[in-house]
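The values are calculated or read from the model by the stated rules, or taken from the named source; none is laboratory data. Remember, it's a predicted structure, so these values are computed and weren't measured experimentally. With ideal geometry, Cβ positions are generated from the backbone for all residues, glycine too; neighbour counts draw on all protein chains shown. Note: areas computed on protein heavy atoms with side chains; ligands, DNA, RNA excluded. Shrake-Rupley method; radii C 1.70, N 1.55, O 1.52, S 1.80 Å.
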Amino acid sequence: MPSLQDKIADRTAHVAVIGLGYVGLPLATAFAKAGFRVSGIDLDQRKVDAIAAGETYIPDVPQEELAPHVEAGRLTAASDYEGIDECDAIFICVPTPYDVQRAPDLSFIRSASRSIMTRLQPGQLVVLQSTTYPGTTEEVVLPILEESGLKAGEDFYLAFSPERIDPGNTQWTAYNTPKVVGGLTPACCELAADLLRKMGAVVHPVSSTRAAELTKLLENTFRAVNIALVNELALLSERMGIDFWEVIDAAKTKPFGFMPFYPGPGVGGHCIPVDPYYLFWKAREYDFYTKFIELAAEVNEAMPYHVVELVTRALSAQGQPLSGSRVLVLGVAFKPDVDDPRNSPAKRVMELLRVRGADVVYHDPYVPRFRIGDDVFHRDPVEMASVELTDEALDEADCAVIVTGHRAVDYERVLKRAPCVVDTCNATADTEGGRDGVVRLGAGELGSKGAGEQGAGSLEREASAGCGTSAG
Ligand SMILES: NC(=O)c1ccc[n+]([C@@H]2O[C@H](COP(=O)([O-])OP(=O)(O)OC[C@H]3O[C@@H](n4cnc5c(N)ncnc54)[C@H](O)[C@@H]3O)[C@@H](O)[C@H]2O)c1
């Protein structure tokens, strides 16, 4: 019988991907594209049905990349774990959210591990991809898998390889972003690395699963802290009457020692607002307090409150109170040009506006429905529907607040028709005719007249640099 190594080498290894979401579906497609047979498993029957029909639901996986592999029978999907015992390598890509107290919720990892355990076979390779705190693979996944009676590192292989996908980023994708891999043993690491290389990835092996887990948290904490830094300085710039966007544009002309991050209404997505808390939580077990993480969270989570303050000031400059005003929120996805609204700062902005008596509506070309008011603060859930961005919708609004700067939105038109505009992410930078009267976050007290003419940078979304609006 050929070994796993042989099957990887000649691409006959059968790969299973558990969790076919923003991470799992691109990974499954990448393996299929590399010539491997792939079985996807997701408890969500709608996703399974979509794949069976060759239909994509993740913008980063275009229809033409998915459908041929489904048609060829190389990529299949199921909502149960039947047949996973026949797979050679199993990737776990399930969610790792936090609970209301911001403690890690590993229930999805535990549940997936248990489902694998009951069918685990000698010689199989299991790779955890979900973002989590250092120790999860060894302290949570390993003991569950060993309940099978098989021994990790001897009877089966276990590794951790963090996913680094950046939804909406067309330059760095599942195909060309290097992968970090840490194994329980050197053999575990080698097998996982070989398989990922065959998928087409450049692989950077590390000495342990913990090192690989911490690598991912370093990357995301780095972003959270830097975004917090620019958010704090943007608030200072506003008080000083300096256009902070112009300052970032100037600073980034330095070819070394500086990397631009951008301020915004807060952080969102599955990663930046969540992952650092995983590390913060785990650190306490070691009598250690990760102060930078907490400080960054404090600054970033205060940004939606500042946005509401800007809206209030913009309206009062026109002699109008916030209460009773109609506020049109533009963009509720957690970052530009994606359809993912998870943990979006728009949620808190809209909740706060509503609590303060505003009549809130929103427009997002990618998010047709958006639920707000469902946490302990408000307990007043409401499922909102995106309104069309018509002239009437703009005319009827007392204030339009740009929370996420989707490229598909015509900001010229917004500026022309809305009586007052708050821009939290520099989305109006490229509009012609100046931006007098636009209240821009980070651009001086009430967007001091003329600030827009001072050459603030264009709306950049340098994913690698972490466009500060929010990130996942
Ligand atoms: N979205 C990103 O940009 C991104 C980037 C890097 C890392 N990550 C990490 O990757 C992991 C997955 O994130 P995602 O964005 O793909 O989540 P997602 O919610 O888009 O997808 C997860 C999928 O797992 C399925 N699922 C849940 N429990 C399951 C189970 N027991 N068995 C089978 N399927 C199950 C869900 O139905 C869902 O479709 C998380 O840990 C996240 O932090 C996400």
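Counting pairs of Cα atoms in segment 178-331, how many percent are more than 27 Å apart?
It works out to 46 percent of all Cα pairs.
For a quick check of understanding: with a 1.4 angstrom probe and all protein chains in place, what accessible area in square angstrom does SER79 have, to the nearest ten?
Probe radius 1.4 Å; accessible area of SER79 about 40 Å².
Considering only protein heavy atoms, with the full assembly of protein chains and a 1.4 angstrom probe, order MET259, MET199 by accessible area, largest first.
Sorted by accessible area, descending: MET259, MET199.
Which residues' amide hydrogens lie under 5 Å from the amide hydrogen of MET384, considering only partners 5 or more residues apart or on another chain, with H built in the peptide plane?
Here the answer is PHE370, ARG371, ILE372, since their amide H atoms fall under 5 Å of that of MET384.
Distance between the C-alpha centers of segment 247-323 and segment 135-209? Whole Å please.
Here the answer is 31 Å between Cα centres.
Write down the accessible area per residue of the chain in Å², having rolled a 1.4 Å probe over the full set of protein chains.
Details: 19630 Å² over 472 residues.
Per residue, the chain has an accessible area of 42 Å².
Have a look at the DSSP beta bridges in the chain and tell me what percent are antiparallel, nearest 5.
Antiparallel bridges: around 15 percent, rounded to the nearest 5.
Using just the alpha carbons, could you tell me how many Å³ per residue the convex hull of the chain encloses?
Enclosed volume per residue, from the Cα hull, is 147 Å³.
Looking at the square roots a ≥ b ≥ c of the eigenvalues of the Cα gyration tensor of segment 254-377, which shape do they give, rounded for a/c under 1.5, prolate if a/b is larger than b/c, or oblate?
prolate
Report the one residue of THR290, PHE261, LEU328 whose Cα lies farthest in the direction of the positive end of the charge dipole of segment 215-338 (charges on C-beta: Lys and Arg +1, Asp and Glu -1; origin at the Cα centre).
LEU328
Kyte-Doolittle cut-off -0.5, length cut-off 18 Å along the helix's own axis using Cα: show which whole DSSP H helices in the chain pass. Intermediate values should be presented prior to the final figure.
Working: long enough: 186-199 (20 Å, 0.48); 209-240 (47 Å, 0.26); 291-317 (38 Å, 0.48).
Both cut-offs are met by 186-199, 209-240, 291-317.
Explain nothing, just the number: dipole magnitude of segment 162-269 about its Cα centre with +1 on each Lys and Arg Cβ and -1 on each Asp and Glu Cβ, in debye rounded to the nearest 20.
320 debye
Let me make sure I get this right: for segment 282-351, a, b and c are the square roots of the gyration tensor eigenvalues over alpha carbons, sorted descending. Under 1.5 in a/c it's rounded, otherwise prolate if a/b > b/c, else oblate. Which is it?
Oblate.
Per DSSP helix of 4 or more residues, -39500 (n - 2.57); summed, then divided by the residues of the chain. What does that give at 222 nm, rounded to the nearest 500?
Result for the chain: -10500 deg cm²/dmol, rounded to the nearest 500.
Quick check: at a probe of 1.4 Å, how many percent of the accessible area of the chain sits on carbon and sulfur atoms?
Numbers: 10440 of 19630 Å².
Carbon-and-sulfur percentage of accessible area, whole number: 53.
For segment 37-192, build the charge dipole from Cβ charges (+1 Lys, Arg; -1 Asp, Glu) around the Cα centre, then report which of LEU66, GLN45, VAL100 sits farthest towards its positive end.
The residue sitting most towards the positive pole is VAL100.
Greater than 28 Å separation of Cα atoms is the criterion. Which listed pairs, LYS47/LYS198; LYS347/LYS416; LYS33/LYS252; LYS179/LYS282, meet it?
Violating the 28 Å Cα-Cα cut-off are LYS33/LYS252.
With all distinct Cα pairs included, what does the Kirkwood hydrodynamic radius of segment 1-101 come out to in Å, to one decimal, could you say?
One over the average 1/r among Cα pairs gives 13.8 Å for segment 1-101.
Working with all protein chains in place, sort PHE222, PHE156 by solvent-accessible area computed with a 1.4 Å probe, largest first.
Descending order: PHE222, PHE156.
Let me know the shape class of segment 58-98, please: from the alpha-carbon gyration tensor, a ≥ b ≥ c as square roots of the eigenvalues, rounded when a/c is under 1.5, otherwise prolate if a/b is greater than b/c, or oblate. Don't skip to the end; give the middle numbers.
Numbers: a/c = 2.45, a/b = 1.14, b/c = 2.16.
Cα axes put segment 58-98 in the oblate bin.
So for PHE36, PHE256, what's the accessible-area order with a 1.4 Å probe, most first?
The ranking, largest first, comes out as PHE256, PHE36.
Between beta-carbons, use under 10 Å as the cut-off and find the net charge around ALA152, counting Lys and Arg +1, Asp and Glu -1. Could you put the intermediate results ahead of the total?
Values: positive: LYS151; negative: GLU138, GLU146, GLU154, ASP155.
Overall, the nearby charge balance is -3.
Provide the percentage of antiparallel DSSP beta bridges, counting only those with both residues in segment 1-112; round to the nearest 5. Please report the intermediate quantities before stating the final value.
Details: 1 of 14 bridges.
Here the antiparallel bridges make up roughly 5 percent for segment 1-112.
Any idea what the dipole of the chain comes to, in debye rounded to 20, about its Cα centre with Lys/Arg Cβ at +1 and Asp/Glu Cβ at -1? Each step should come with its number before you reach the end.
On the way: 44 positive and 67 negative charges, 123 e Å.
Rounded to the nearest 20 debye, it is 600 debye.
Compute the separation of the alpha-carbon centres of segment 340-396 and segment 31-77 and state it in Å as a whole number.
32 Å
Pop out the ³J(HN,Hα) list for segment 406-421 in order, Karplus 6.51 cos²θ - 1.76 cosθ + 1.60 with θ = phi - 60°, rounded to Hz; leave Gly and Pro as x.
4, 5, 6, 8, 8, 6, 4, 5, 4, 5, 5, 9, 6, x, 8, 10
For LYS347, tell me the accessible area in Å² from a 1.4 Å probe, rounded to the nearest 10.
50 Å²
Taking a probe of 1.4 angstrom, what is the accessible area of GLU309 in Å², to the nearest 10?
80 Å²
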